[in-house]
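Read the structure below first, then the notes.
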Amino acid sequence: MAIQLTEICPKPLFLDLMTVKKLACIVGARPNFMKIAPILHALAAHKNVQPVLIHTGQHYDKNLSDIFFEELKISRPDISLGIGSGSHAQQTAEVMVAVEKVLLDAAEQGHPFHRMVVVGDVNSTAAAAIAAIKLHIPVAHVEAGLRSFDRNMPEEINRILTDSICDMLLVSEPSGVENLAAEGHAQENIHLVGNVMIDTLMTQLERAKESTILDNMGLKKGQYGVVTLHRPANVDDEQVLGSLIDVLLEISVQTPLVFPIHPRTKSRLEAFELMSKLESAANVHCIGPAGYLDFLCLTSNAKVIVTDSGGLQEESTALGIPCLTMRPSTERPVTCSEGTSTLIGSDADKLRTLLSQVIQGEYKSGKCPDLWDGKAAERIAEIFAAE
Ligand code: UD1
């Protein structure tokens with residue numbers, strides 16, 4: 001007697017196997033975690049999409065990685081590749097080899113990935129995208145189209161490479177749409193969805209109020225500054241870093257500063273014998289990389305933010321906090337045209353002038369860009385589900 005298909009494989013299961021789309025979601029470094037978190041949460045509402053979280057291990061310190069999983073309530077990675085630090089070529093190559101193996105193994109076991117999702121612009125982003133596309137797995141890029149037009153930045157190379165091989169370009173601000181169109185991408189591949197990093201910020205703002213970090217440091221709301229620096233242009237040259245530190249020390253006499261120090265910056269400060277200068281300043285609080293909630297508590301209550309981080313330019317704009325951006329260019333121009341950011345390069349004099357403008361209440365105010373409304377991940381999840 002012929003066996004009916006429904007007897008060995010009931011219809012719902014059969015349908016599930018046919019229609020559930022497996023998404024390889026890649027994270028590697030700190031700024032990736034707050035971008036993937038809302039996407040994973042939004043995908044939970046779509047039963048026809050199954051995300052698989054793959055952590056390359058580009059960042060591995062607890063405070064650069066694990067703490068974000070705990071605080072943002074992301075489940076542990078399904079797959080951890082443990083790549084770690086290395087030169088750009090070494091790190092990129094190791095991520096490519098390891099990701100390729102994951103994708104091939106899944107296909108061999110009969111559970112192939114339908115699509116990959118990469119976020120941001122770190123080495124893991126570009127490396128994973130290259131591995132996938134060569135196996136004919138289509139790739140979606142969240143935060144596509146951003147361009148600083150400065151090819152000295154490794155992130156700019158990662159952005160250009162990644163976008164050039166992706167068929168789904170999920171964009172956070174209008175400049176991204178213009179850049180992608182100018183590069184010849186088809187309009188139907190470009191989706192202006194808004195900013196997933198701001199989704200996370202909006203979700204976590206209430207919880208961040210419970211942080212005790214201000215009290216622990218004796219800081220008063222609206223009366224201190226937050227500093228983060230980690231880009232090679234600011235921290236690798238002894239003179240540049242030295243002159244920035246001098247201005248910060250000068251300002252700290254009237255406005256206390258909190259400086260969560262990235263590992264690469266710490267090693268440079270130590271090598272240039274600047275660390276002891278900072279640590280002995282009465283009003284400069286040097287701490288290690290902060291967790292998400294403590295950091296959001298610090299930034300949302302700050303008088304001013306001094307940074308070279310891309311993400312923090314966006315977060316300060318969403319929070320309405322003045323942001324002096326220590327970069328000559330930005331791939332996020334809306335943070336300057338509409339938001340609270342001003343580009344000042346590595347110029348210590350401009351830093352001094354603008355800091356006093358902020359302190360005297362003479363700095364511009366900004367507005368939150370369109371679609372930075374806490375719903376970008378929902379829009380993205382709907383696009384994946386409808387594919
Ligand atoms: C990377 C991203 C950058 C992002 C930043 C956020 C690239 C090219 N750069 O820069 O876009 O803004 O993350 O932090 O992908 N290290 C540790 N512990 C760690 C990770 C790194 O101590 O968990 C140290 C190592 O000495 C390492 C150095 O930091 O060599 C740099 O790390 P890496 O991941 O290469 O780049 P980031 O500067 O963190």
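For region 242-318, the mean projected area of the C-alpha convex hull, equal to one quarter of the hull surface, is 5.2 nm².
Using bins 5 angstrom wide from zero, how does P(r) for region 133-181 break down, in % of all Cα pairs? That works out to 5, 23, 30, 23, 13, 5, 0, in percent per bin.
Peptides 375-385, 184-194 ordered by packing proxy, namely the average of other Cβ atoms within 10 Å per residue, highest first: 375-385, 184-194. Can you pick out the pairs among Lys62/Lys266; Lys62/Lys375; Lys209/Lys350; Lys35/Lys350; Lys221/Lys367 whose Cα atoms lie more than 26 Å from each other? Listed pairs above 26 Å: Lys62/Lys375; Lys209/Lys350; Lys35/Lys350.
Normalised size of region 267-374, defined as Cα radius of gyration per 2.2 N^0.38 Å with N residues, equals 1.13.
Here the ratio of the Cα radius of gyration of region 205-359 to 2.2 N^0.38 Å is 0.96.
In this structure, the amide hydrogen of Val117, modeled 1.01 Å from its nitrogen in the peptide plane, lies closer than 5 angstrom to those of Ala24, Cys25, Ile26, Ala140, counting only residues at least 5 positions away or on a different chain.
Express in whole angstrom the spacing between the alpha-carbon centres of region 196-214 and region 263-279. For region 196-214 versus region 263-279, the Cα centre distance is 29 Å. Just the protein heavy atoms count here, and of the accessible area of the chain at 1.4 Å, carbon and sulfur take up 54 percent. Taking the inverse of the mean 1/r over every pair of distinct Cα atoms in the chain gives a Kirkwood hydrodynamic radius of 21.9 Å.
Using the Kirkwood radius over Cα pairs, work out the Stokes-Einstein diffusion coefficient for region 324-387 at 4 °C and 1.567 mPa s, in µm²/s as a whole number. For the chosen part, D equals 92 µm²/s. The alpha-carbon atoms of region 58-162, seen along their principal axes, cover 43, 33, 24 angstrom, with the largest extent given first. Sequentially through region 237-243, phi angles give Karplus couplings (6.51, -1.76, 1.60; θ = phi - 60°) of 9, 4, 5, 4, 4, x, 6 Hz, Gly and Pro residues having no value and appearing as x. What region 272-346 shows is 28 Å² of accessible area per residue, with the surface traced by a 1.4 Å probe over protein heavy atoms.
The values are calculated or read from the model by the stated rules, or taken from the named source; none is laboratory data. Just so we're clear, the structure is a prediction, and the values are computed from it rather than from any experiment. Don't worry about glycine lacking a Cβ; one is built from the backbone with ideal geometry, like all the others, and counts go over all protein chains shown. Each accessible area value is taken on the protein alone, full model and side chains, heavy atoms only, with ligands, DNA and RNA left out. Shrake-Rupley method; radii C 1.70, N 1.55, O 1.52, S 1.80 Å.
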